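The values are calculated or read from the model by the stated rules, or taken from the named source; none is laboratory data. A quick note: this is a predicted structure, and the numbers were derived from the prediction, not measured. Positions of Cβ are backbone-derived with ideal geometry, glycine not excepted, and every protein chain shown enters the neighbour counts.
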Amino acid sequence: MAAGGIVLASRLRNKYRSEIFSILLYFQVFIFTFGFYGIWGQVVITSFLSPYISGDLLMRITNISILLGLPFLIFAWLMLVQFSGIISGKRKNNWLIFWFLLINFAVIFVAGLLIARTSEINPAALIKYYFIVMNCLYSVIAAGLLLFPVRKKSVIHDYDGKVTSLAIIFAMLTQITPLLFYESQVYLGLIFIFTFFAGNTFLPVYLTYGTLLTVFSEEGARDLSFEEFCRKFEISARETDIIREICNGLSNKEISDKLFISLQTVKDHTHRIYIKTNVKSRVQLINIVKEMKRL
């Protein structure tokens, strides 16, 4: 899942040459680096070292290891918030980035001091609740930016913004739920690991296969007239007629009767329209056309 997410994000960046997808790629790299180092690393350390060292020393090693992995998580959250912010039309602010990093690294530093100097605090619980609270916070911020964009015309379709924001919240909830009940149960740990990797793979998968991807291109982000839309995607005159009738709610049979062409011809034209506009259904096609200034 990690390799697939990184490959898809890299393809999106190479295809669209957009800062949005560069940030998405960085998010994938940072979040999965933490996943392997900070999460799977604990499994590896426990499996290989537990027969040879004491329980207290093993716990100290695992706690230090996960603390050293937290910076990757912080940078991943920063990329997620930046990704949502740019999509919503918010300008990048270097001061916000500075304060974001400063505050988060200060929190890690304080947590490290508490773990090192206070024996009354359970380090695993402290780190667990740090992840839960911060993951909730930054997921809600990212989802909110997508649901309530700064400018009226976001660089993605409203439908995609809603789906993406809900997916971010859903991924967050599926990750923190097993953690809330986790003490030392293996099955809860495995559920958390699976949901962590699966949830963070969603964005590149959806933006590759499920979205109205045409709106991500630099040209597609601006308003187009219906005629400009047809020229951009090399829609023929007959295909233009069919798009109009699809948007009018006609079925393939009704379009066939109205345009005096065979039902199979309508299906063939519709299939070519889907390929040209990179959509997979009538709903997606209609949503794109609705964005045009005039039909």
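Quick notes
The rows are residues; the columns are (1) assigned to a helix (DSSP H, G or I); (2) at pLDDT below 90; (3) touching a strand residue (DSSP E or B) at 6+ places or on another chain (Cβ under 6 Å).
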| residue | (1), (2), (3) |
| --- | --- |
| Asp223 | no, yes, no |
| Phe229 | yes, yes, no |
| Ile242 | yes, no, no |
| Asp257 | yes, no, no |
| Ile275 | yes, yes, no |
| Lys280 | no, yes, no |
| Arg294 | no, yes, no |
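For (1) at pLDDT 90 or above; (2) under 17 Å from the mean Cα position of the chain (by Cα); (3) assigned by TED's automatic domain parsing to the domain that holds Ile86; (4) within 20 Å of Leu24 (Cβ to Cβ), each residue gets a yes or a no:
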site	(1), (2), (3), (4)
Lys153	no, no, yes, no
Asp158	no, yes, yes, yes
Leu166	yes, yes, yes, yes
Gln185	no, no, yes, no
Tyr209	no, yes, yes, yes
Lys232	no, no, no, no
Ser236	yes, no, no, no
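- Applying the criterion of being closer than 23 Å to Phe202 by Cβ and without any contact (Cβ under 8 Å) to a residue 40 or more places away in the chain to the residues of segment 34-56, the residue that is surrounded by the fewest Cβ atoms within 10 Å (Cβ to Cβ) is Phe36.
- Restricted to segment 260-285, and to residues there that are of a type in the set (A, V, I, L, M, F, W, C) and buried (at least 16 other Cβ atoms within 10 Å of the Cβ), the residue that is farthest from Ser225 (Cα to Cα) is Ile261.
- Restricted to segment 88-129, and to residues there that are surrounded by 15 or more Cβ atoms within 10 Å (Cβ to Cβ) and among the small types (Gly, Ala, Ser), the residue that is modelled with the lowest pLDDT is Ala124.
- Pairs are defined by a Cβ separation below 8 Å, a sequence spacing of at least 6 or placement on different chains, a first member in segment 178-199 that is without any contact (Cβ under 8 Å) to a residue 40 or more places away in the chain, and a second member that is assigned to a helix (DSSP H, G or I) and loosely packed, with under 14 Cβ neighbours inside 10 Å; the pairs so defined are Leu188/Phe181.
- Only listed residue being in contact (Cβ under 8 Å) with a residue 40 or more places away in the chain, surrounded by 15 or more Cβ atoms within 10 Å (Cβ to Cβ) and either closer than 15 Å to Leu203 by Cα or out of contact with any strand residue (DSSP E or B) (no Cβ under 7 Å at 6 or more places or on another chain) (or both), chosen from Ile132, Ile74: Ile132
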